[in-house]
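**Q** One structure, pasted below without further comment.
The values are calculated or read from the model by the stated rules, or taken from the named source; none is laboratory data. Keep in mind the model is a prediction, meaning the values are calculated, not measured. Don't worry about glycine lacking a Cβ; one is built from the backbone with ideal geometry, like all the others, and counts go over all protein chains shown. Only protein heavy atoms, including side chains, enter the accessible area calculation; ligands, DNA and RNA are left aside. Shrake-Rupley method; radii C 1.70, N 1.55, O 1.52, S 1.80 Å.
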Amino acid sequence: MFELVQGWLQRPNFIAFVILFLWGLYITVTHHNLLKKLIGLYLVQTSVIFFLVTTGAKDGATVPILIPGETVVQPETYVNPLPHVLTLTAIVVQVATLGVSLALVAGIYKKYGSLDEDEVLKRLE
Amino acid sequence: MSDHLPIFVFVSPFLAAICMPLIGLNNPGRCRPVALTALGTMFLLSVATLWRILGHGEIRYAFSGWAPPAGIEWVADEIAAIMVVVLSALAFLCLLHTGRETDTELGSRTVPYHAILLTLVSGLTGIVFAGDLFNIFVFLEIAALSGYALVGVSGGRALVSAFRYLIMGSLGASFYLLGVSYFYMATGTLNMADLAQRIPDLLHSKAVIGGLSFMFIGLGIKMALMPLHGWLPDAYTEAPDSVSPLLASLVTKIATLAWIRILYRVLAAGSSDTSLEIIGLLWVVGSLAAVAGSLLALTQQDLKRRFAYGGLAHIGLVLVGVGQGNQTGLAGGLFYLINDAVMQCLLFILVGVIARRYGARTLDDLGRIQLPPPWIITGFVVAAISMIGLPPTGGFFGKWYIVLSAIEKENYVAVAAVLVTTLLTMAYFMQVLERMLRGGQTGPSAQKIETPLQLRLSTGVLSAAIIGLGLWSDRVVQVLLQATSQLGL
């Protein structure tokens, strides 16, 4: 048990990820306001991106650009760039999702005059 | 040159989608012929790809010449090529069948509608070809975002359904991405072929098991697997009539295909030296989805909703086949997947037509209308026969191979589940057919319903395809068996 907790504490980024992810999921599921649902969703997506970025991090490592004069590349001196590249694509996807969802929310608000899910569902009947 | 075929298959709808706002700038009427041309070209190119692959083996396309695993790779094998032929043909017919009515129905939204439709098709093509887990995520999201927009394109109630679909779909995508990052942490690669070499040693690592579970949940939402299907019935019911055939026939099926590829290409599930519990889980979940989906379908009044629940059951049946972990099951599951795409497309086209021409959206409405013209009736009966699973249609042979694989595995619970699903499917189709065929006596007569040429063409081709898939099922299944034999089953 002690080792388990110790293992967790050595990886604060994982703890932060779990908190953000669950928080976002909770907001998305429980809130009735459509915009708040979106905020929750955004938090979920961002937490996954955060998780992906932190997996590439290393202690004392630098940006993945070749140091002048160095002929042999030593991978342990560089941060892993691949998660960052993946993240960039994931952020683009996230922004596009946000755009579409805001357009949908705006459409719903224009049509039904409310952002509350229950209210909208009542007017749908 | 012929090595570049897969990318041209993708580019033809994608390029047209990007150029669509320019093409429709002055004259939105031009969008339709351009979109049809793009999809037609795509169909011809995908047939050429299939031809090439059947003759010379699979194509591995490394983008910009960067060899995998450093570069991004597309893998066009037999399964992918067959799926793309089906995809492009169905997309073409879905767009064709409405005629110019969509243009007048959508008004100012004509241009975005065509652009997004083509983006959806190119996104789905990307999922089919992708040889990289992250690439699948990107194309899943391209397809899904176009899907949300297409569901909501007619405004009003559809917006709410589209919003729900978006929330569920994006959560699914996040889960999938989380699974992918677990895989990356455990192995340091995302290329499927590369992963397949490293995964077997790591199958008991918690990161891989966790990643696999997250991916399954994510893709489960995308393929509307039974407990995760909440978004689907609303989205299909509220989507415009020209869109729901496309969504029903393709989106969930392609997500299922992605899951099958991950299972068999990456994890080599079912091969003797890797015992994967998830395979055992798959047929249980599939059986539950099949039985529960058709039971729920039986209770629905709204026609589109009824068939949407029916579609959930069919995804379940595919998973029953795939979950047996033998070659017959995998080939049978894939064959059923193809058949199901064609059947759903025909069924939703006809339901849409009946709703538009007669205003009949529920079972009771159906009893009041006059007898629909023979084109619609014939198409509907063919689709029903195939859905229930009677010979000589493709649906029968798909179910046949699934049952056969379950018997091979001596898995009689799965056999029972397939048979119960068949009976329930028969029950809910009989209700519909009975009302539809008896309606002629009471309905107001003399109201001539014309069936335009495009509609006849679409329903005719699709009905012929369903029967053709049955008559030539041997050939198709042979190809699928050959393709699956390389997967080490």
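**Q** Which of the residues spanning the stretch B:389-400 are surrounded by fewer than 24 Cβ atoms within 10 Å (Cβ to Cβ) and modelled with pLDDT of 90 or more?
**A** B:PHE396, B:TRP400
**Q** Here's something else I'd like to know. Scan the stretch A:1-42 for residues that are in contact with a Gly (Cβ under 8 Å, 6 or more places away or on another chain) and either open to solvent by less than 50 Å² (accessible area, probe 1.4 Å) or of a type in the set (Ser, Thr, Tyr) (or both) and report the count.
**A** So the count comes out to 8.
**Q** Quick one: would you say B:ALA383 is small (Gly, Ala, Ser) and over 18 Å from the mean Cα position of the chain (by Cα)?
**A** Criteria not met by B:ALA383.
**Q** Same structure again: For the stretch A:76-125, which residues satisfy the criterion of being modelled with pLDDT of 90 or more, more than 10 Å from chain B (Cβ to nearest Cβ) and closer than 23 Å to B:MET168 by Cβ?
**A** Scanning the stretch A:76-125 gives A:ILE91, A:VAL95, A:LEU102.
**Q** I need a count of the residues in the stretch A:25-39 that are over 14 Å from B:GLY172 (Cα atoms) and either of a type in the set (S, T, N, Q) or part of a helix (DSSP H, G or I) (or both).
**A** Here the count works out to 10.
**Q** Okay, moving on. Given (1) more than 30 Å from B:SER154 (Cα to Cα); (2) more than 9 Å from every other protein chain (Cβ to nearest Cβ), where does A:ILE27 come up short, assuming only one miss?
**A** Condition (1) is where A:ILE27 drops out.
**Q** Hand me the list of helices (runs of 4 or more DSSP H) wholly inside the stretch B:215-322 holding 2 or more residues that are at pLDDT 85 or above and over 30 Å from B:ARG356 (Cα atoms).
**A** Correct list: B:252-261, B:277-299, B:303-322.
**Q** Further question on the same structure: Residues B:ALA67, B:ALA91: which one is farther than 30 Å from B:ARG357 by Cα and among the aliphatic types (A, V, I, L, M)?
**A** It is B:ALA67.
**Q** Helices (runs of 4 or more DSSP H) wholly in the stretch B:84-191 with at least 3 residues that are buried (at least 24 other Cβ atoms within 10 Å of the Cβ) - which ones?
**A** B:110-129, B:133-151, B:157-187
**Q** Just to be sure I understand, how many residues within the stretch A:64-96 are touching a residue at least 12 places away in the same chain (Cβ under 8 Å), open to solvent by less than 90 Å² (accessible area, probe 1.4 Å) and not small (Gly, Ala, Ser)?
**A** Result for the stretch A:64-96: 13.
**Q** Now a separate question. Restricting the search to the stretch A:58-106, which residues are part of a helix (DSSP H, G or I) and among the small types (Gly, Ala, Ser)?
**A** The answer is A:ALA90, A:ALA96, A:GLY99, A:SER101, A:ALA103, A:ALA106.
**Q** On to the next question. All but one of (1) within 12 Å of chain B (Cβ to nearest Cβ); (2) in contact (Cβ under 8 Å) with a residue 12 or more places away in the chain hold for A:LYS58, so report the exception by its number.
**A** Among (1) within 12 Å of chain B (Cβ to nearest Cβ); (2) in contact (Cβ under 8 Å) with a residue 12 or more places away in the chain, A:LYS58 violates only (1).
**Q** Please find, within the stretch B:43-61, the residue that is nearest to B:ILE72 (Cα to Cα) out of those that are open to solvent by 40 Å² or more (accessible area, probe 1.4 Å) and not in a helix (DSSP H, G or I).
**A** Among those residues, the one meeting the criterion is B:ARG60.
**Q** Any idea which residue in the stretch B:62-83 is surrounded by the fewest Cβ atoms within 10 Å (Cβ to Cβ), counting only those that are under 23 Å from the mean Cα position of the chain (by Cα) and part of a helix (DSSP H, G or I)?
**A** B:GLU78
**Q** I would also like to ask the following. Given the options B:GLY152, B:GLY131, name the one that is more than 13 Å from A:VAL93 (Cβ to Cβ) and free of Cβ contacts under 8 Å to residues at least 24 places away in the same chain.
**A** Of the residues listed, the single one that is more than 13 Å from A:VAL93 (Cβ to Cβ) and free of Cβ contacts under 8 Å to residues at least 24 places away in the same chain is B:GLY152.
**Q** Could you go through the stretch A:50-70 and let me know if any residue there is under 30 Å from A:LYS110 (Cβ atoms), touching a helix residue (DSSP H, G or I) at 6+ places or on another chain (Cβ under 9 Å) and of a type in the set (Ser, Thr, Tyr).
**A** No; the residues of the stretch A:50-70 include none that is under 30 Å from A:LYS110 (Cβ atoms), touching a helix residue (DSSP H, G or I) at 6+ places or on another chain (Cβ under 9 Å) and of a type in the set (Ser, Thr, Tyr).
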